[in-house]
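Quick note: the coordinates plus some simple rules give every number you see, no bench work behind them. Since the structure is predicted, the reported quantities are computational estimates derived from the model, not experimental observations. Don't worry about glycine lacking a Cβ; one is built from the backbone with ideal geometry, like all the others, and counts go over all protein chains shown.
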Amino acid sequence: MSEKDQVLIALVSCGSEYAGVQKELENAASTLNAKLVYPEMDVASLDTIGMDFGLEVASPDLKLMMARAKAVVEGVAKVDGVFVTSCFRCAEAAIVRNEIRRYIFQNSGLPVISYSFTERTTAATLLTRLEALTTIARRKHLLAREHQVGITAGIDSGSTTTKAVVMKDDEILGEGWVPTIKVLESADSALQQALDQAGMKREDLQAIGTTGYGRLLIGEHLNSDLVQEEITLNTKCAVYLAGKQQGSATVIDIGGMDNKAISVQDGIPGMFTMGGICAGASGLFLEMTSKRLGVEIT
C-alpha cells in the first residue's frame, strides 16, 4: 500500500505512555498503514478548556485530552479519524472519554472510536479498533452502497459461531450457521450449508467476502475478494436488514467475546465504542447463563 493511501488518525489519549500501551498503538497503526497524529493546541487553553465541554476536571492529562479534541474539531490537525483512549482504572477519564467522543462526532463528522486499555493491551487487541477507522476512511464509497448485485457469499468467523450467507441481487438464497471449533473447517461447513440451501456450487460464486476474528485466515484459505473487520461490516448488515440505510441509526452488536455500540449515518459508521476489558455481558456469557437459568434469549 502506497504512502498516499496512508490514513491519519488523531490520538487523543491519557496514560498510554505510562501504561506502556503507546508502542502497541503505534505498532497496530503501522500494520494498517496508518499514522498516529498528535494534535497541537494552545497550552494557555488548558485553563479554560472545561468551559467548552461543560466539564471541569482536575487532571492536567485529561485537560490535555480535551484540548486536543478541540484542536481536531477546529481543523488544526488534518486527520481521517480519531482514536480516544484512556486507562480503564480511571473513572473520571471514562466520563471525559465519552464526552470527547460525543463532542468530536457532533462537531466534526469524523469517525471516532473510544476504548479503555489495560497494562496488558497489545497491538493485536487494538488492531480491530484501528482497522475500523481505516476502513471507513478508505471504503466509505463501499459502505454507502445500498444494494447487492450478482451472486456472492459472505462468511463471518466469530469467536463462538461461524455464519455464512449466499445472496443474489439483494435476495438471501442460503444460510449456514455452525459452532466455531476449527476455524477453517467451520468456515467450509457454514459456506457449504449456505450453498446447499441456495442450490449452488462454489464455482457459481462471483465473489466472496470474509469478516470476524478468523477473517484473515479464511480470506487466504478461500482466496476472498474482500476481507474486512466486523465492526463496519456488521453495522452495514444491520442497517441493510432493518431497512435503515438512510438517516440515523444505532447498532448494538453483542458478540461472543465483546460488545459494540455504533452510531450510523446513511449506512456509514461514525461513532463507536467496543468493550474489551470484561466479557461479563458478552454473547457467550449470556448464552451460558441463560442455559443455567432455563431462560430463552435467542
If amide hydrogens are placed 1.01 Å from N in the peptide plane, which non-local residues have theirs closer than 5 Å to the one on residue 117?
86, 87, 88
Number of Lys pairs (Cα under 30 Å; 8 or more positions apart or on different chains) in region 145-298:
20
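Under the rule that an exposed site lies in a DSSP loop and has at most 15 other Cβ atoms within 10 Å, name the longest stretch of the chain with no GluC sites (Glu not before Pro) of that kind, not counting the sites themselves. Intermediate results must be reported in sequence, preceding the final value.
On the way: sites that count: 17, 40, 56, 74, 119, 146, 296.
No qualifying site falls inside 147-295, the longest such stretch.
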Among (i) 19.0; (ii) 16.9; (iii) 37.0, which one is mean projected area of the Cα convex hull in nm² computed from these coordinates?
(ii)
Kirkwood hydrodynamic radius (Cα pairs, Å) of region 1-157?
16.5
Could you work out the relative contact order of the chain? I mean the mean sequence separation of Cα pairs under 8 Å and 6+ apart, divided by the number of residues, in percent.
14
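According to the Cα gyration tensor, what semi-axes, each the square root of 5 times an eigenvalue, does the equivalent ellipsoid of region 145-227 have, listed from largest to smallest in whole Å?
Details: eigenvalues 72, 37, 24 Å².
Whole-Å semi-axes of the equivalent ellipsoid: 19, 14, 11.
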Segment residue 51-residue 288, extension gain: residue separation times 0.36 nm, minus the distance between their alpha carbons
80.7 nm
Return the lysines within reach of residue 23: Cα separation strictly under 19 angstrom, same-chain partners fewer than 8 residues apart disregarded; answer none if there are no such residues.
35
Once R0 is set to 41 Å, what does the formula 1/(1 + (r/R0)^6) return for the Cβ-Cβ distance between residue 217 and residue 147, expressed as a FRET efficiency to the nearest 0.05?
0.90
Put one equal scatterer on each alpha carbon of region 173-281, apply the Debye formula with no solvent term, and list log10 I(q)/I(0) at q = 0.20 1/Å to two decimals.
-1.18
